[in-house]
Amino acid sequence: MKRPLLLLFFAVISFAGFAQSLLLKSPDGKLKIQVEIGSKISYSVTHEQTEVLAPSNLSITLTNGSVWGKDPKLKNQKRTSINEIISTPIYKKSEIQDDYNQLELTFKGNYGLIFRAYNKGVAYRFVTTEKEELFISQEEVQLNFSQNNQAIFPYVNKINPENFEQQFFNSFENTYTHLKISEINPNRMIFLPMVVELNNGKKLCFTEADLENYPGLYLINQTGETSLTGLSAPYPKTTIQGGHNELQQLVTERENYIAKTQGARSFPWRVLAISSSDKELLNNDLVYQLAAPSRLEDTDWIKPGKVAWDWWNDWNIYGVDFRAGINNETYKYYIDFASEQGIEYVILDEGWAVNKEADLLQVIPEINIEELIRYGESKNVGIILWAGYWAMDRDLENVCRIYSEMGVKGFKVDFMDRDDQAMVDFYYRCAETAARYQLMIDFHGAYKPTGLQRTYPNVINFEGVFGLEQLKWSPQQVDMVTYDVTMPFIRMMAGPIDYTQGAMRNATHANYRPINSEPMSQGTRCRQLAQYVIFESPFNMLCDNPSNYLNEIECTQFIADIPTVWDQTLEIDGKIGEYILLARQKGDTWYVGGLTNWEERQAEIDLSFLGEGDYQLELFSDGINADRAARDYKHEITPLPGNKKLIVDLKPGGGFAAKITKR
């Protein structure tokens, strides 16, 4: 009788006192997460025979000195497998196959870890069952690599920062830098998502999901080694009103913790999307899959669509008998244009409320919002209002109630420019309050999406992208064309983008100039059309002015007809920084778009996915002289060849857009 007891005793000692190794595989078996539990907790990731991540530690430190992950005592482990369908009515596809394996670890000390392995990536998060209030001083996020891999990432746009504190206040907009990990500037922060190039042509795209009641994550490399570590903004202790037109809250002092929380909860997912080829990153759903499900019972009132926008074109219309500007006559002209073209919304951007008052109930005398709403309703056009962050937050309930009762359809909320815990909380309060009053929200001046659009589907779009507005002031050396064929693999992997395309003034590399009141795009006219197919944007702006669009009616009508949400998305081909070929379906209609960098190339697209039958092709492609006059394009409507092959020539900075319907 003593022998079995002795064996049991040694088994308990082994379980509690020695390192443990746990393996989790993706459903297809290609991705593996190796979790090591010893004096610390670490994990590593491989894809087939390719190392994705070398062993990397993870922990959370509390201000009371406790460390989740130090000398961990594993109490329990639970494995589950899920394979179900997520319905996605406002997305790039109508449904997602949610297929993953999960490992849930429970440790002594009221904390745990959850690991998930999908076929397209892996993720982990901390959880706690602690009932008392907790103050988190830091979360250890490590990304260790055995080799000095190349990385593609956006620095926080502060050129020579004195410290990290200066960088926590930023607009999350920048072009991409391409360097080896060891060469990353030790004084600068990287905002997410970012990509690391792996062996065998594979890529790792790192970001976060389900960010709620917690600060956003940055990455830094202060060691010059092949390792990145996480960093988050400490909690604001004091703030003052200031910034852009007194519409922001500037942090003047911070606490010694990044987050305060109470009660059982989950923490954000750390997401590693892995692709065998670049094009797979164009159609990755991990952030949406990992987000909390919708908290809205009724979403029928949420109507995605296109928006006639005023600010980019500086209200610079012509051929009218009134003085253009921020006044009702100008906006009625925009409404007339939107109505004629079947565009769902017109936005009143910055300028309709009294400047520097941060009060959305003080409207300038030149604007009568109720009159514009009534006029829009008569034309089947909804009104969207721009709102500076602090003007919105300081009177959130009243602003939403009053303008909802008036008939406004939503708000574009701008200039948050932070992602500390307090600001992240604002996003959720704003989304929830707006939803109660059936208002849509477009977060501008915003951090990257982390799945809030699933949790609150009335949050219809996000900026956090180096969008076309930058070309109102950016010098010639800013390369938007290369950015356009880089960003969709990285930033757009996290969610939709308020990029605001649609320029009718188009410039070659040599001819581009920043002109605020008559701005232009870099690249060809067809590049702008293609972006309506390639860029995911349920609330999609037409950035140019109605006068220009009416002079380019062929392009305008094509843009206006392109859907903003889709039933299906197919990644055809692509290479980061070089080119993109993408197809999207809505109902019985397919759209195909292509973009190139500054290199001329020929695209050959296999359209066999259309299936049997005869099809009609409407194609906008770069004109023969588009390398000299970027506005030059060719428009043709023809039967699709029987072999279902489409060959298109793209000029430098070019693109194409095709609409395919069954005959």
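A few notes on this one:
- Mean shadow area of the stretch 403-496 over all directions, Cα convex hull, nm²: 7.1
- Inter-label distance for ALA292 and SER517, nm, one decimal - labels placed 7 Å from Cα along Cα-to-Cβ: 4.8
- Mean Cβ neighbour count within 10 Å, used as a protection proxy, ranking 151-164, 106-119, 453-466 highest first: 453-466, 106-119, 151-164
- Annotation: average projected area of the stretch 296-407 is 7.9 square nanometres, based on the convex hull of Cα atoms across all directions.
- The slack in the chain from GLN97 to SER66, taken as 0.36 nm per residue of separation less the alpha-carbon distance, amounts to 7.2 nm.
- In order along the stretch 641-650, the phi-based Karplus estimate (6.51 cos²θ - 1.76 cosθ + 1.60, θ = phi - 60°) of 3J(HN,Hα) comes to x, x, 7, 6, 10, 10, 10, 9, 8, 10 Hz; Gly and Pro are listed as x.
- Beta bridge orientation in the chain: antiparallel %, DSSP, nearest 5: 85
- Pairwise label distance in nanometres, ASN245 with ARG394, each label 7 Å out on the Cα-Cβ vector: 1.4
- Scalar couplings 3J(HN,Hα) for the stretch 132-146, obtained by applying the Karplus form with A = 6.51, B = -1.76, C = 1.60 to θ = phi - 60°, are 7, 5, 10, 10, 9, 7, 6, 10, 7, 10, 10, 10, 9, 10, 6 Hz; x denotes Gly and Pro.
- Charge sum, other residues only, whose C-beta stays under 10 Å from TRP386's C-beta, Lys/Arg counted +1 and Asp/Glu -1: -4
- Shape class for the stretch 210-313: rounded, because the ratio a/c of the largest to smallest gyration tensor axis (alpha-carbon atoms, square roots of eigenvalues) is under 1.5.
- Within the stretch 139-199, the ratio Rg/Rh, alpha carbon atoms throughout and Rh by Kirkwood, equals 0.96.
- Within straight-line cross-link reach of LYS645, lysines at Cα separation under 20 Å, skipping those fewer than 8 residues along the same chain: LYS279, LYS634, LYS659, LYS662
- Within the stretch 273-368, the GluC sites (Glu not before Pro) that combine a DSSP coil assignment with at most 12 other C-beta atoms in a 10 angstrom radius are GLU297.
- Rounded if a/c under 1.5, otherwise prolate or oblate - the stretch 105-175, Cα gyration tensor axes: oblate
- Accessible area (Å², 1.4 Å probe, nearest 10) - TRP315: 30
- Accessible surface, 1.4 Å probe, highest first, among residues VAL354, VAL307: VAL354, VAL307
- Gain in span if fully extended, ALA264 to GLU600, counting 0.36 nm per residue against the direct Cα distance: 115.4 nm
- Phi to ³J(HN,Hα) by Karplus 6.51 cos²θ - 1.76 cosθ + 1.60 over the stretch 265-278, Hz, x for Gly, Pro: 6, 10, 9, x, 6, 9, 10, 10, 7, 10, 10, 7, 9, 3
- Assigned charges on the beta-carbon of Lys, Arg, Asp, Glu; the chain dipole about Cα centre (debye): 2420
- Accessible area per residue in Å² at 1.4 Å probe, computed on the chain: 38
- Within the set [x] 27.4, 92; [y] 24.7, 82; [z] 25.6, 103, the number that Rg and Dmax of the Cα atoms in Å takes when calculated for this structure is listed as [z].
- MET541 long-range amide H proximity, modeled H, under 5 Å: VAL307, THR500, GLN501
- Counting only residues at least eight positions apart within a chain, or on another chain, the lysines with an alpha carbon under 21 Å from that of LYS332 are LYS306, LYS379, LYS409, LYS412.
- The lysines whose alpha-carbon is closer than 16 Å to the alpha-carbon of LYS73, local same-chain residues fewer than 8 away aside, are LYS40, LYS108.
- Directionally averaged projected area (the stretch 592-663, Cα convex hull): 4.5 nm².
- The chain - percent of accessible surface contributed by carbon and sulfur, probe 1.4 Å: 45
- Segment THR223..GLU377, full-extension length gain: 49.5 nm, with 0.36 nm per residue of separation and the alpha-carbon distance subtracted.
- Whole-number D in µm² s⁻¹ for the stretch 74-193, Kirkwood Cα-pair radius fed into Stokes-Einstein, 25 °C, 0.890 mPa s: 133
- Modelled spin-label separation between GLU366 and LYS662, with each label point placed 7 Å from Cα along the Cα-to-Cβ direction: 5.2 nm.
- Taking only Cα atoms of the stretch 460-532, radius of gyration then Dmax in Å: 11.9, 36
- The per residue volume of the convex hull around the alpha-carbon atoms of the stretch 262-338 is 247 Å³.
The values are calculated or read from the model by the stated rules, or taken from the named source; none is laboratory data. Quantities reported herein were computed from a predicted structural model and do not represent experimental measurements. No Cβ is skipped: glycine too gets one built from the backbone with ideal geometry, and neighbour counts run over all protein chains shown. Accessible surface areas use protein heavy atoms only, side chains included; no ligands, DNA or RNA. Shrake-Rupley method; radii C 1.70, N 1.55, O 1.52, S 1.80 Å.
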